[in-house]
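> This is the structure I have questions about; it appears just below.
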Amino acid sequence: MRTKVIAGNWKMNKDFRQTEELIDGLKKSVNFDLQGVRVILCPPFTSLELASRIAKGTPFAIGGQNMYFEDEGAFTGEVSPGMLKGVGCQYVILGHSERRQYFGETDEFINRKVKKALATGLIPIVCVGETLQQREQNITEQVVTTQVRGVLKDISAENVEKLILAYEPVWAIGTGRNATPQQAEEVHVLIRKLLAELYGAATAERVIIQYGGSVKADNAADLLWQPNVDGALVGGACLKADSFSAIIEAATAKK
Ligand code: 13P
């Protein structure tokens, strides 16, 4: 039985003061009896240290939204995995579609980051997903297969079990139009089959695959309780304590 993982990707939202407000709100609204569900907060870099500090004593883990694959050096504007760990991060989101779309990240580039994160002891949340045009062209399977193969290239079965994959159809991100539970489950099954092909069935069964794209309080339960959906990567709805806590609740409630 895989545990459910709910992660909030704050994206480029919440300054220092707002970070404190949101985490204070979560402390009040989330029932800390999480029944094994993992909850991760991924604020912007500038709020990570504060978030780690004020989340002490709560069940919330902290994650970065990106990192570079070098330890240090002349890479203006970048942040290293060691720096993330140093401010209390256990996780890092890699290969988000917004990084791919606006900053030109490729599967190969993301793969280097995934390897580096694993080598540093960070758990990467690695994103894949097709665009609307690709879905309409009926090439979702090819696109997602290529991405998964690419981002996991030369990663061992032992390491694959440690990471988290997030299926985020680009057309569902920030649009209010979530994938239906059936659409999500279909792609998650496809990814798990591919993992079985690459790493064997036992490993594939253990890999956590989150769904992301317009997850809200009112659709979370149906998405989260699909057999192959192991959690959610939440954007907009994680920016308010009440909606994010309702999603966490949907993951903890027995169905
Ligand atoms: P929304 O929940 O706002 O659609 O964003 C999803 C996402 O991109 C999470 O990484």
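The values are calculated or read from the model by the stated rules, or taken from the named source; none is laboratory data. This one's a predicted model, so the numbers in the text were calculated from it and none came from an experiment. Because the Cβ atoms are built from the backbone with ideal geometry, glycine has one as well, and the counts that use them run over all protein chains shown. Keep in mind that these areas ignore ligands, DNA and RNA; they rest on the heavy atoms of the full protein, side chains included. Shrake-Rupley method; radii C 1.70, N 1.55, O 1.52, S 1.80 Å.
> At a 1.4 Å probe radius, carbon and sulfur cover how many percent of the accessible area of the stretch 139-205?
Of all accessible area on the stretch 139-205, carbon and sulfur atoms account for 51 percent.
> Quick one: with all protein chains in place, what share of the accessible area of the stretch 1-124 is carbon or sulfur, to the nearest percent (1.4 Å probe)?
For the stretch 1-124, the apolar C and S fraction of the accessible surface comes to 51 percent.
> Related question: Report, to two decimal places, the Cα Rg of the stretch 2-70 normalised by 2.2 N^0.38 Å (N = number of residues).
1.11
> Charges at C-beta only: +1 for Lys and Arg, -1 for Asp and Glu. How large is the resulting dipole of the stretch 183-227 about its Cα centre, in Debye rounded to 20?
Value, rounded to 20: 140 debye.
> To the nearest 500 deg cm²/dmol, what mean residue ellipticity at 222 nm is calculated for the chain from DSSP H runs of n ≥ 4 alone, each contributing -39,500 (n - 2.57), summed and divided by the residues?
So the helix-based figure for the chain works out to -13000 deg cm²/dmol.
> Considering the options T180, L190, A202, tell which one lies farthest towards the positive end of the dipole of the stretch 153-240, charges being +1 on Lys and Arg and -1 on Asp and Glu at the Cβ, about the Cα centre.
About the Cα centre, the residue reaching furthest to the positive side is T180.
> Percent relative contact order of the stretch 122-215, based on C-alpha pairs within less than 8 angstrom and at least six residues apart?
That works out to 36 percent.
> OK, next. Name the residue, out of P181, P227, P59, whose mean-square fluctuation peaks in a Gaussian network model built on the chain with Cα pairs under 10 Å.
Evaluated over the chain, the most mobile residue of the options is P227.
> Just in the stretch 17-92: which chymotrypsin sites (Phe, Trp or Tyr not before Pro) are loop by DSSP and have at most 13 other Cβ atoms within 10 Å?
Loop-located and lightly packed - F32, F75.
> Tell me, what is the per residue accessible area of the chain in Å², probe radius 1.4 Å?
Accessible area per residue, the chain: 45 Å².
> Regarding the stretch 29-112, what are the three Cα extents along the principal axes, ordered largest first, in Å?
40, 24, 18
> Rounded to the nearest whole Å³, what is the per residue volume of the convex hull around the Cα atoms of the chain?
Expressed per residue, the convex hull around the Cα atoms of the chain is 117 Å³.
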